[in-house]
Amino acid sequence: MTDAPRETAETAAPARRPEMRVRPTAPIVPPANVSGRALMFVIAIMAFLACLTFGAVSMVRATAASWQSQISREITIQIKPDDNLDMEQALKDARDLALTFAGTRDGTIVDKAATARLLEPWLGEGLDIDELPVPRLVIVTIDEQSPPDFSAMRKALSEKIPQAFLDDHRTWVDRLVAMARTTAFIGTGVLVLVFSAMVLTVVFATRGALSGNRHIVEVLHFVGAEASFVASEFQKHFLLISLKGSFAGGFLAALFFAIAGFWQGRSIATPQSDQATALFGTFSMGFTGYLGIVATMVVIAILTTLTARFTVMRTIYEIDLVRSDPSRTDQLPDT
C-alpha cells in the first residue's frame with residue numbers, strides 16, 4: 001500500500017536530465033598572432049605605396065591634361081625688334097591679321113610692363129624694354145574643336161611682317177603628352193611590382209600559418225573536412241588582416257594628399273609652393289582620385305584573399321598526393 005503513492009510521485013515528477021551545452025568551436029587559424037600582425041603592417045606599407053603611386057600618377061596626368069588644354073587654346077605671335085620696324089603698329093597688325101582667320105576668338109597684345117614681369121626671374125626688376133632687343137608677343141585664343149589653318153596664317157604673317165614668327169605650341173603639347181604617358185607607364189610598373197611583392201608576401205605568410213597549424217589541417221582533412229572548408233577558414237583570417245592593413249595604408253595616403261593640398265593652398269605665391277607646383281602640379285586629386293584610392297584598397301584585399309585561398313588549396317593538394325602515394329614524401333616542399 002505504501003509503494004503506490006511513491007510510484008505516483010516518481011511518475012509525476014520525472015528526473016531532470018542534465019543540460020547539454022555546445023562548446024563554441026575555436027577557429028582553425030589563431031585570430032591574432034605575431035605573423036598576422038607583421039603581415040598586416042607589411043600590407044599597410046604596400047597599400048600606402050600603391051595608393052601613393054596611384055595618386056601621384058592621377059595628379060600628374062590631371063596636371064598634364066590641364067597644361068595641354070591651356071596650351072591648345074592659345075597660339076603666340078612673336079615679333080622680333082628691328083630698327084626700321086614700328087613695334088606697336090606691328091603688334092596691332094599681327095593681331096588684326098590673325099583674327100581674320102576662321103577658328104580664332106580673341107587676340108591680346110602683351111604690353112611692356114607684362115613683358116618686363118615675364119623677364120624678371122632672369123634679368124631682375126627695373127627693366128627698360130626699349131633698351132633691350134626683347135621680342136614682343138601677341139597671344140591669340142583659338143577654338144580647340146576647329147583650330148585655324150596655321151600654315152596659311154604663318155605664311156600671311158611672314159609676308160606682311162617679316163619679323164613675325166607664329167608658335168602653335170605643338171612641340172610643347174607633344175612633350176606633355178609624352179610625359180603623361182611615360183609617367184602613367186612608370187606608375188603602372190610600380191603598382192605591378194608592389195602587388196607582386198604583396199602576393200609573394202601573402203604566399204609565405206599563408207604557408208607559415210599552415211606550418212603552425214598543419215596537424216590540425218591534416219586531421220580535419222583526413223576525417224572528411226573538404227578542402228574548400230579549410231581554405232575558407234584561412235581566407236577569412238587573411239581577408240580580415242588585408243582589410244585592416246589596406247585601410248590603414250590607404251587612409252595614410254589620402255591623409256598625405258589632403259595635408260599636401262592644404263599646405264599648397266595656404267602657401268600660394270610663395271617660392272616653396274611655386275616650386276612644388278612647377279615640379280608636381282597641384283596636390284588636389286578630387287573625388288575621382290580618392291575613389292581610385294578606395295578601389296586600390298579593395299583590389300589589395302581581394303588579391304590577398306585569393307592568394308591565401310590558392311596557397312591553402314595547393315598545400316592540401318600536396319597533402320593528398322602524399323596520402324595517395326607515400327613515395328612522394330620527398331617531393332612535398334617544406335612549409
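Throughout, read-outs are computed from the coordinates displayed, never taken from laboratory work. Not measured: the values here are computed from a predicted model. FYI the Cβ positions are ideal-geometry reconstructions off the backbone, even for glycines, and counts take in every protein chain you see.
A few notes on this one:
- The stretch 183-266: GluC sites (Glu not before Pro) in DSSP coil with no more than 12 other Cβ atoms inside 10 Å: 226
- Taking other C-beta atoms within 10 angstrom as a stand-in for reagent exposure, 67, 263 fall in the order 263, 67, fewest first.
- Loop-located GluC sites (Glu not before Pro) in the stretch 88-131 (DSSP state not H, G, I, E or B) with no more than 11 neighbouring Cβ atoms inside 10 Å: 125.
- Between residue 225 and residue 101, the modelled labels are 7.7 nm apart [label points 7 Å from Cα along Cα→Cβ].
- Three principal axis lengths of the stretch 81-162 [C-alpha, angstrom, descending]: 41, 29, 16
- A protection proxy built from the mean count of other Cβ atoms within 10 Å ranks the segments 155-163, 308-316, most packed first, as 308-316, 155-163.
- A DSSP coil position with no more than 16 other Cβ atoms inside 10 Å describes the following trypsin sites (Lys or Arg not before Pro) in the stretch 40-107: 73.
- Gain on full extension, evaluated as 0.36 nm per residue between residue 88 and residue 294 minus their Cα-Cα distance, stands at 68.6 nm.
- Take the Cα of residue 178, step 7 Å toward its Cβ, do the same at residue 262, and the gap between the two points is 4.0 nm.
- Alpha carbon centroid spacing (whole Å) that separates the stretch 240-264 from the stretch 134-174: 46
- Spherically averaged projected area of the stretch 174-261 from its Cα convex hull (nm²): 8.2
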